[in-house]
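So the structure is just underneath, and the comments pick up after that.
Please treat every number below as a calculation from the coordinates, not as lab data. Since the model is a prediction, treat every value here as computed from it, not as a measurement. Cβ placement follows ideal geometry from the backbone for every residue including glycine, while neighbour counts extend to all protein chains displayed.
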Amino acid sequence: MRLQQIRQPADLKELTHPELAELAGEIRDFIVQAVAENAGHLGSNLGAVELTLALHRVFDSPTDAILWDTGHQAYVHKIVTGRQAGFEQLRQAGGLSGYPNREESPHDYIENSHASTVLSYAYGFAVARDAGVNDHRHIVAVIGDGSMTGGMAYEALNNIGHGNKRVIIVLNDNGRSYAATISNLTAAQPTERELAMADHPSLPERITGKLASGLTKIRLNPVYVRRQRRLEQFLRDLPYVGPQAEKSVEAFKAAVREFLQPPSFFEALGVRYVGPVDGHDTELLEHTFRNAIELSAEGPIVVHVLTQKGRGYSPAEDDDEKHLHDAPVFDPLVGPPPAVVTGYTQAFAEAIIKEAEADSRVVAITAAMPGPTGLLPFQARFPDRFFDVGIAEQHAVTGAAGMAMAGLRPVVAIYSTFLNRAWDQVVYDVAMHRLPVVFCLDRAGITGPDGASHHGVYDMAMLARVPGMRVLAPSSAEELQVMLHDAIGLADEGPVSIRWPRGAAHHVGEHEVGTGLLGRKVREGDGSVCIIAIGKMVIDATKAAEELATSGVQATVWDARSCAPLDPLMIADAARHGVVVTVEDGVRDGGIGMTIADQVHTIASGVPVRVLGVPSRFIPQGSAERILAQLGLDADGIVAAARAALL
């Protein structure tokens with residue numbers, strides 16, 4: 001197998017193009033097998049094989065900095081930079097990260113798993129290079145079309161163009177983010193008529209296609225660029241009519257670009273554009289990148305590359321929702337089963353439809369994640385009340401603020417970790433206006449194999465400090481549904497957030513559900529120990545109480561339910577106990593447990609309070625259960641904390 005001969009990028013340069021095609025097939029088989037055994041990101045990596053091979057054949061990493069936006073598309077990059085063996089422990093504790101990782105390889109510059117940031121990194125790299133601080137010859141930023149829906153990408157693009165920074169931007173356009181990309185900038189999805197006409201293009205279409213292809217080849221030719229510059233200078237120097245002549249030529253060129261190349265948008269920002277280029281033609285890609293290197297001597301350039309997400313693996317190609325963007329462990333011969341929402345996400349999916357049926361003001365907003373957040377059934381039921389804004393969390397939140405101001409009841413469904421990107425908007429655009437926006441935060445707490453960037457551990461500590469924000473955490477699927485119903489009403493007085501974990505949901509009977517902003521006493525004890533647990537931690541707190549009972553300690557257990565504000569009756573009850581233990585799957589420092597301790601000590605200053613939570617450090621990937629156990633956030637950890645406090 002050729003793949004076994006590839007230990008570093010230099011090994012690729014010895015291969016012929018037929019050999020590269022063979023290698024590409026082996027890499028796709030390798031990725032499918034690795035993801036089938038360990039789960040992970042599949043579709044995006046299958047689509048980036050030829051692109052990655054071409055990049056590493058033309059550029060010399062790590063002397064040339066190749067930067068990956070939304071790093072889940074970097075599996076092929078890892079494979080050709082000496083990390084094939086690591087895929088046996090992909091996304092496992094102590095194993096290979098699912099994203100670029102600076103500790104793994106000098107070829108990884110940024111640990112980037114959140115979208116739309118790479119152009120800002122590239123701008124910074126270029127500034128440092130131009131200042132003589134580092135010796136990067138070329139800076140290559142690979143960004144997907146989905147990431148180009150994020151506002152930060154445009155902020156960086158504006159600065160790159162304005163500063164004329166020598167950056168080569170590779171726009172990997174597969175028409176997808178997680179779902180279909182919400183953007184008019186990159187490749188549009190063909191209509192049914194266009195698909196029907198694909199085999200029989202009209203004469204104007206054939207002419208336009210050849211003109212576009214021809215102009216792309218011309219614009220990639222450095223000789224053309226040099227002659228263009230001389231022509232522009234000649235026109236400028238003409239007496240009397242020079243400026244007018246130059247403007248006339250520029251107007252003609254702009255008109256041609258507008259007709260044949262809609263992404264001339266880039267050039268309005270000072271960034272040369274070439275493409276689109278077939279992202280699965282390695283020879284063409286190499287030719288394009290070499291010419292781009294020469295053209296970049298005069299400033300930034302975008303190379304627009306068209307790829308197919310999930311290419312070469314039929315289950316991924318046939319997945320209409322996400323082209324197997326991510327996949328669980330599966331049989332590679334048949335592919336993963338159809339993706340379905342489960343657990344808390346399923347409970348939310350059912351609950352929001354019920355609320356929307358009862359209240360016509362309810363609308364749903366997501367940032368490029370309609371499937372994972374459980375909103376596809378809502379979209380099918382209420383298509384005019386569903387809004388996917390792309391990878392644009394800041395816009396999602398302020399857009400929700402505008403909807404709320406105008407009389408709607410927006411529900412913003414988003415991952416906990418991604419809400420961090422819209423902190424300013426939550427505080428000043430929603431909360432300061434006391435607007436009726438409900439934030440529904442999926443994947444809260446320790447999420448597991450996606451690692452530090454995806455653990456949703458900050459939301460409670462941050463949101464609980466926002467004036468007027470109510471923060472709810474369900475301990476069961478039934479609690480979540482009640483909380484969503486309550487939140488729609490509570491929103492009359494300002495924003496509400498509900499956060500829940502990834503994975504299976506706990507289920508309870510109708511009499512084991514709380515209401516409003518009140519806590520719920522799960523178990524009555526003897527006054528020795530009170531355990532106040534948040535969200536999924538209630539299950540472990542109950543198990544801990546059962547274990548303590550075997551040694552004669554009858555612990556009281558409270559399900560906090562409302563983290564902000566805290567139920568004063570719960571606090572008063574806790575203060576009458578000899579010891580209080582709080583447990584949460586969010587950051588400990590500044591978290592809810594510390595607030596509970598402050599309020600308990602206001603009533604009974606001598607009561608010891610043991611606060612259990614996630615430490616203030618980045619937690620690497622691993623199974624959520626194992627990580628929580630290592631942090632003392634399981635039944636055994638709670639028992640140990642209670643017994644230590646009783647000594």
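Per-peptide packing, taken as the mean over residues of other Cβ atoms within 10 Å, places 373-379, 355-361, 30-36 in the sequence 373-379, 30-36, 355-361 from highest down.
Counting only alpha carbon atoms, the long axis of helix 242-260 and the longest principal axis of the chain meet at about 60°.
When ranked by the protection proxy of mean other Cβ atoms within 10 Å per residue, highest first, what sequence do the peptides 73-80, 292-299 form?
Highest-to-lowest ranking by the protection proxy: 73-80, 292-299.
Distance between the modelled labels on D589 and E294, one decimal in nanometres: 5.4 nm (7 Å Cα→Cβ projection). To the nearest 10 degrees, how steeply does helix 635-646 sit against the main Cα axis of the chain, on a 0 to 90 scale? Compared with the principal axis, the helix lies near 50 degrees. Only DSSP H runs of four or more residues enter the estimate; each adds -39500 (n - 2.57), and after division by the residues of the chain the mean residue ellipticity at 222 nm equals -12000 deg cm²/dmol. Each residue, D281 and R617, gets one label point 7 Å from its Cα in the Cβ direction; the gap between the two is 5.2 nm.
What FRET efficiency would be calculated for the residue pair Q5, A131, taking the C-beta separation as r and a Förster radius of 45 Å, to the nearest 0.05?
Working: r = 40 Å, r/R0 = 0.88.
So the FRET efficiency works out to roughly 0.70.
Summarising the label geometry, the points placed 7 Å from Cα in the beta-carbon direction at T16 and A380 lie 5.1 nm from one another. Ordered by the count of other Cβ atoms within 10 Å of each Cβ, fewest first, D60, D486 give D60, D486.
Note on D636 and Q33: with the Förster distance fixed at 51 Å, the Cβ-Cβ geometry gives a FRET efficiency of about 0.90.
If each residue's Cβ is checked for other Cβ atoms within 10 Å, how do K354, K521, K309 rank with the fewest at the top?
Numbers: K354 13, K521 17, K309 25.
Placing the least packed residue first, the sequence is K354, K521, K309.
In what order do Y99, Y313 fall by count of nearby beta-carbon atoms within 10 Å, going from fewest to most? Don't jump to the answer; show the numbers that get you there.
Details: Y99 28, Y313 21.
If I rank by nearby Cβ atoms, fewest first, I get Y313, Y99.
Distance from the Cα centroid of the range 44-66 to that of the range 461-516 is 45 Å (rounded to whole angstrom).
Helix 151-162 axis versus longest C-alpha principal axis of the chain: approximately 40°, rounded to the nearest ten. Using θ = phi - 60° in the Karplus curve 6.51 cos²θ - 1.76 cosθ + 1.60, the 3J(HN,Hα) couplings for the range 500-507 round to 9, x, 6, x, 4, 9, 6, 10 Hz; x is entered for Gly and Pro. Taken about its Cα centre, the chain carries a charge dipole of about 1580 debye when Lys and Arg each add +1 at the Cβ and Asp and Glu each add -1 at the Cβ.
Using the Cβ-Cβ distance between A406 and E625 with R0 set to 45 Å, the FRET efficiency works out to roughly 0.55.
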